[in-house]
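Participant: Below you'll find the structure I mean.
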Amino acid sequence: MRILAVDYGHKRIGLALSDETGTLARPLMVVSHVSRIVNAATVAERAAAHNVTKVIVGVSYDEDGQLNTSGRSAARFAEALRLQTDLPVLLWDETLTTQDARIARMAAGAIRRRRSGHLDDVAASILLQDYLDSQTK
């Protein structure tokens, strides 16, 4: 049971993939943003290529528990993705995953120069691992 996670951003889209047992997440790739429809088709193709059974799309919320601007954008992307695939597409809270990815890179001992760069796929793997962990409780 492989699961694909999506960290949807305005410039880049991070993808992460679970192992076949659905217990461990790993970064997969970063896709440059083109348009919502093209992005959805690209993610649907990646999902098919890796034989996933479910796609998780990260959304973020404001202090009142409502989708913020980025969260609404990600939710619209999830709707576009649902039109491109028959797989279940679920929304999952991604609050602070990019910050967690940056902290993880620092904890791994990356020097400052290597800490910069795209964290989208790492953020997607943190999002996916959070989802996977919640399913085993």
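Participant: Give me the pairs, please: first residue somewhere in the stretch 119-137 and free of Cβ contacts under 8 Å to residues at least 24 places away in the same chain and over 13 Å from residue 23 (Cα atoms), second residue anywhere and part of a helix (DSSP H, G or I) and among the aliphatic types (A, V, I, L, M), beta-carbon distance under 9 Å, and either six or more positions apart or on two chains.
Facilitator: From residues that are free of Cβ contacts under 8 Å to residues at least 24 places away in the same chain and over 13 Å from residue 23 (Cα atoms), there are no pairs.
Participant: Restricting to the stretch 35-68, give me the number of residues that are free of Cβ contacts under 8 Å to residues at least 12 places away in the same chain and under 16 Å from residue 2 (Cβ atoms).
Facilitator: So the count comes out to 2.
Participant: Can you name the number of the only condition in (1) assigned to a loop (DSSP other than H, G, I, E, B); (2) modelled with pLDDT of 95 or more; (3) not polar (S, T, N, Q) that residue 4 fails?
Facilitator: For residue 4, the exception is condition (1).
Participant: Out of the residues in the stretch 1-51 meeting the condition of being out of contact with any Gly (no Cβ under 8 Å at 6 or more places or on another chain), among the charged types (D, E, K, R) and farther than 16 Å from residue 77 by Cβ, tell me which one is surrounded by the fewest Cβ atoms within 10 Å (Cβ to Cβ).
Facilitator: Checked the stretch 1-51; the qualifying residue surrounded by the fewest Cβ atoms within 10 Å (Cβ to Cβ) is 20.
The values are calculated or read from the model by the stated rules, or taken from the named source; none is laboratory data. Since this is a predicted model, take the numbers as computed values, not measurements. So basically every Cβ, Gly included, is an ideal-geometry build from the backbone, and we count neighbours across all protein chains shown.
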